[in-house]
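Take a look at the structure below.
The values are calculated or read from the model by the stated rules, or taken from the named source; none is laboratory data. What you see is a predicted model; the values in this text were computed from it and never measured. Reconstructed Cβ throughout: ideal geometry from the backbone, glycine too, with neighbour counts over all protein chains shown.
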Amino acid sequence: MSTESRTKQKTHVTADKLAIKAERILAIDIGGTGLKAAVISEDGQMKSDRVRVATPHPAKPDVVVETLIELVTPIVTVPPTHISIGFPGVVRDNVVLTAPNLGTPAWRGVPLAQLISARLGGMPARMINDAEMQGLAAIEGRGIEMVLTLGTGAGTALFRDGELMPHLELAHHPVAKDKTYDEYVGNAAREKAGKKRWSRRVEKIIGILATLVNYDRLWIGGGNAAHIKFKLPDNVAIVSNAAGIEGGARLWHPRSVRETRQLPHFNRREETN
């Protein structure tokens, strides 16, 4: 079989898989402290229990994969049709580029979505940054909306009229005294500075992001969002930490991602016709 024929065959197989209705989506939320998962419907309704386990440390790729497979096995007795993964780092084309909150450079270049899919039967899988997946569940779909997640580190995502914009890793940009967002408002900073001082830092960051992005709405998620003690501006709101799972449903909606930038191979529609 020629290379051209194999390419055509692969394109049609991909198209056939994507044509399957996303009835049972295995949504996985990978964090620096916890791994969470649930099977959800295409409209975000829970179709299984929500399961969680502590993130193994050191969080080497093979260990995390094995831990995830063990975690989800009880809830995938009926095989999912699709997989959605939120990952704490830079992700491009379903491959990990960085994983700062997992503490090891071994993640660079790991095709995590493919590895998990292969272990669970080969169903279509998509992976994006975890703040982006949480944002898919939180946004209203109008104007410029930003997401800030407060957990092990600080995650950000940006949307325009409901469409996910290219990822900016603002968490690693210096914000105060050469400290990055991660170092300034991450969980280690909260424990060291105390809740009151940490809360003031978050308030400062909200002001910086408002000037930098000029967002219409800011959504704040992550486990540490509950520790915010000041009155939020009218266009800022806290969202449920469960949004990290629920956003996995919207990852399969047509306009959820800029496919030509983040998932280019999913944008190849019957190229041979």
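Count, please, the residues in the stretch 63-98 that happen to be hydroxyl-bearing (Ser, Thr, Tyr), without any contact (Cβ under 8 Å) to a residue 24 or more places away in the chain and over 16 Å from VAL53 (Cα atoms).
To start, the set of residues in the stretch 63-98 that are hydroxyl-bearing (Ser, Thr, Tyr) comprises 67, 73, 77, 81, 84, 98.
After this cut, where a residue has to be without any contact (Cβ under 8 Å) to a residue 24 or more places away in the chain as well, the list is 73, 77.
Next, from what is left, pick out any that are over 16 Å from VAL53 (Cα atoms): 77.
Qualifying residue count for the region: 1.
Quick check on my filter: what residues within the stretch 130-147 are crowded, with 23+ Cβ neighbours inside 10 Å and modelled with pLDDT of 95 or more?
Across the stretch 130-147, the qualifying residues are GLU145, MET146, VAL147.
Which condition does GLN114 not pass, out of (1) out of contact with any helix residue (DSSP H, G or I) (no Cβ under 9 Å at 6 or more places or on another chain); (2) over 15 Å from ALA37 (Cα atoms); (3) buried (at least 18 other Cβ atoms within 10 Å of the Cβ), if it passes all the others?
(3)
Determine whether LYS204 is surrounded by fewer than 23 Cβ atoms within 10 Å (Cβ to Cβ), out of contact with any Lys or Arg (no Cβ under 9 Å at 6 or more places or on another chain) and on the phi > 0 side of the Ramachandran plot.
So LYS204 does not fit the description; no.
Matching residues to (1) in contact with a Ser or Thr (Cβ under 9 Å, 6 or more places away or on another chain); (2) modelled with pLDDT of 95 or more; (3) not hydrophobic (A, V, I, L, M, F, W, C):
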| residue | (1), (2), (3) |
| --- | --- |
| GLU203 | no, yes, yes |
| ASN214 | no, yes, yes |
| GLY221 | yes, no, yes |
| ALA225 | yes, no, no |
| GLY248 | yes, no, yes |
| SER256 | no, no, yes |
| HIS265 | yes, no, yes |
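Please work out which one of (1) closer than 30 Å to LYS21 by Cβ; (2) at pLDDT 90 or above; (3) touching a Gly at 6+ places or on another chain (Cβ under 9 Å) is the condition GLU163 fails and give its number.
Exception for GLU163: condition (2).
For the stretch 35-51, how many residues are more than 17 Å from VAL96 (Cβ to Cβ) and surrounded by 15 or more Cβ atoms within 10 Å (Cβ to Cβ)? Show your work before the answer.
As a first pass, look at the stretch 35-51 and keep what is more than 17 Å from VAL96 (Cβ to Cβ): 36-51.
Filter once more, keeping what is surrounded by 15 or more Cβ atoms within 10 Å (Cβ to Cβ): 36-40, 42, 44, 47-48, 50-51.
Matching residues across the stretch 35-51 total 11.
Quick one: which of PRO88, PRO80 is in contact with a strand residue (DSSP E or B) (Cβ under 8 Å, 6 or more places away or on another chain) and farther than 27 Å from ALA171 by Cβ? Quick ask: steps written out before the conclusion?
On the way: PRO88 fails: farther than 27 Å from ALA171 by Cβ.
The unique qualifying residue is PRO80.
From THR77, THR104, grab the single residue that is surrounded by fewer than 16 Cβ atoms within 10 Å (Cβ to Cβ), of a type in the set (Val, Ile, Thr) and within 16 Å of VAL63 (Cα to Cα). Break it down into steps so the answer makes sense when it comes.
Numbers: THR77 fails: within 16 Å of VAL63 (Cα to Cα).
Just one listed residue meets the conditions, THR104.
Taking GLU191, is it surrounded by 13 or more Cβ atoms within 10 Å (Cβ to Cβ), charged (D, E, K, R), out of contact with any His (no Cβ under 8 Å at 6 or more places or on another chain) and under 25 Å from ASP29 (Cα atoms)? Please lay out each step first, then the result.
Details: surrounded by 13 or more Cβ atoms within 10 Å (Cβ to Cβ): no; charged (D, E, K, R): yes; out of contact with any His (no Cβ under 8 Å at 6 or more places or on another chain): yes; under 25 Å from ASP29 (Cα atoms): yes.
Criteria not met by GLU191.
Quick one: what pairs do we get from the stretch 148-160, first residue under 17 Å from VAL175 (Cα atoms), second part of a strand (DSSP E or B) and aromatic (Phe, Trp, Tyr), C-beta under 8 Å, 6+ apart or different chains?
LEU148/TRP219
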